[in-house]
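> Submitted below is the structure of interest, expressed as structure tokens.
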Amino acid sequence: MGRAFLVVMDSLGIGGAPDAGAYFNGGIPDTGANTLLHITEACAAGQAQEGRSGSLNVPNLARLGIGAALKLASDKSGDGLPDTAHIGWGVASELSKGKDTPSGHWELAGVPVPWEWHYFPNKTDSFPQEVVKAVCVAADAPHILGNCHASGTEIIDRLGAEHCQSGAPICYTSADSVFQIAAHETHFGLERLIKLCSDIAPKLHDMRVGRVIARPFIGTPQSGFSRTEHRRDFAMPPPRPVLSEWVQSAGHPVIALGKIGDIFSMRGIDELHKGNDQKLMADLLNQSQNAHDGAFVFANFVEFDSHYGHRRDISGYARALEWFDAALAPVLAALRPDDLMIFTADHGNDPSWHGTDHTRERVPVLCAGKPMGHIGHIGFADVARLIANHLGVPVPPQEPSANEY
């Protein structure tokens, strides 16, 4: 029996979402947003030269059909990306209302989000008093800092010293449905921060806030502050069993790489490996070489999104794509003839676009290993069906998927 791998290139959208006009960045609709296309255009025009040069160089993704997917999604061709047919490629469109991490991943795992998430307003004092009070009680703190929309790096630079002096946790949000708490690993304590987020998560989940995120940092006012890799997400659990649970229930081992464990609250996951994208690529290579027959490996590479998309760093996004593509060579070479590896994304995050939020886009569906034939237009949830069918796992009854969305 072959193995199955689902690799999420976090935020690598390819434009063309039919409902993009209903989603906004800084008051501007996402109509025309296209993460991959605009990166290739900037590279070709010499506008993405920091740490790299020339046209975007992703030969492995090109051979898998990312240019063909881009063309099908948005009727646009990327510089240096041929749009000819390959082993198996297609384009997926999302039904869920959010353009966020949980919505995209849950639907890729077979469960569209049946509700609209709660978002905090972008104004002074973003959080209702009952939330502020709950945090203060759980943290045994007289007040909180922040209480606003903010960049995670900017807010610790601005409030880190005051936090270290007062002990008040730094609470902030973004355009996503998230409640984030930043605290110093030494002055506040890492375990205390994790417990605080765990304690208040049920209240936020009852409000339909998708994630409570612990954002630990280190440093001093003199040397500067920096976030650590000890981030912890407390995500609202999916409303129905997801792909990992289907597979696990059928007796197959499930290995998660990256933030998959947090996104799915560890449901259906036997083994979890976390770390930065470089470590996760080493983990993916190890799994492609050594995972047992019938195994399902579910991976997320987040730094395209967190390091470059939100920061509107086109050069950095292009560098990350070229690194990822080069590192795929031994991974693809280790696949067995009856394996299936699917590369996709959970939303867009066009680094050339207005604002700093995700962008509403279609995503590529690229298959390596066992030939799949032409996939065409599918729904996000159909990606889960491709994995389940490959492993011979029954698909539970779900909401209808939109093959022609």
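> Any idea which of (1) assigned to a helix (DSSP H, G or I); (2) touching a residue at least 24 places away in the same chain (Cβ under 8 Å) is the one H307 doesn't satisfy?
(2)
> Moving on to the next point. Consider I181 carefully, then state whether it is of a type in the set (V, I, T), at pLDDT 95 or above, closer than 21 Å to H307 by Cα and in contact with a Lys or Arg (Cβ under 8 Å, 6 or more places away or on another chain).
Values: of a type in the set (V, I, T): yes; at pLDDT 95 or above: yes; closer than 21 Å to H307 by Cα: yes; in contact with a Lys or Arg (Cβ under 8 Å, 6 or more places away or on another chain): yes.
In short, yes.
> Sticking with this structure for a sec: Hey, among G54, G13, G78, which residue is at positive phi and part of a loop (DSSP other than H, G, I, E, B)?
Working: G13 fails: at positive phi; G78 fails: at positive phi.
Just a single option satisfies the conditions, and that option is G54.
> Do you know which of the residues in the stretch 177-191 that are more than 27 Å from D100 (Cβ to Cβ), out of contact with any Pro (no Cβ under 8 Å at 6 or more places or on another chain) and in contact (Cβ under 8 Å) with a residue 24 or more places away in the chain is surrounded by the most Cβ atoms within 10 Å (Cβ to Cβ)?
It comes out as H187.
> Continuing with this model, one more query. How about the stretch 262-287: which of its residues are at positive phi and crowded, with 19+ Cβ neighbours inside 10 Å?
Quick first cut of the stretch 262-287, residues at positive phi only: 265-266, 268, 275.
Once the filter is applied, which keeps residues that are at positive phi and crowded, with 19+ Cβ neighbours inside 10 Å, the stretch 262-287 yields only G268.
Each row is one residue, and each column tells you yes or no for (1) in contact with a Cys (Cβ under 9 Å, 6 or more places away or on another chain); (2) buried (at least 17 other Cβ atoms within 10 Å of the Cβ); (3) modelled with pLDDT of 95 or more.
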{"site": "L332", "(1), (2), (3)": "no, no, yes"}
{"site": "R336", "(1), (2), (3)": "no, no, yes"}
{"site": "I342", "(1), (2), (3)": "yes, yes, yes"}
{"site": "W353", "(1), (2), (3)": "no, yes, yes"}
{"site": "A368", "(1), (2), (3)": "no, yes, yes"}
{"site": "G379", "(1), (2), (3)": "no, yes, yes"}
{"site": "P394", "(1), (2), (3)": "no, no, yes"}
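> Can you tell me which residue is surrounded by the fewest Cβ atoms within 10 Å (Cβ to Cβ) among those in the stretch 30-69 that are farther than 29 Å from K97 by Cβ and of a type in the set (D, E, K, R)?
Per the criteria, the residue is E50.
> Of all residues being among the small types (G, A, S) and assigned to a loop (DSSP other than H, G, I, E, B) in the stretch 91-128, which is farthest from the chain's Cα centre (by Cα)? Just the residue, please. Please lay out each step first, then the result.
Keep residues of the stretch 91-128 that are among the small types (G, A, S), which gives 92-93, 96, 98, 103-104, 109-110, 126.
Those left that are additionally assigned to a loop (DSSP other than H, G, I, E, B): 96, 98, 109-110, 126.
Values: S96: 15, G98: 13, A109: 13, G110: 16, S126: 24 Å.
Going through the qualifying residues, I end up with S126.
> The conditions are (1) farther than 23 Å from P128 by Cα; (2) in contact with a helix residue (DSSP H, G or I) (Cβ under 7 Å, 6 or more places away or on another chain), and Q222 fails exactly one of them. Which is it?
That leaves (2) as the condition not met.
The values are calculated or read from the model by the stated rules, or taken from the named source; none is laboratory data. Quantities reported herein were computed from a predicted structural model and do not represent experimental measurements. Quick reminder, even Gly has a Cβ in these numbers, built from the backbone with ideal geometry, and neighbours come from all protein chains shown.
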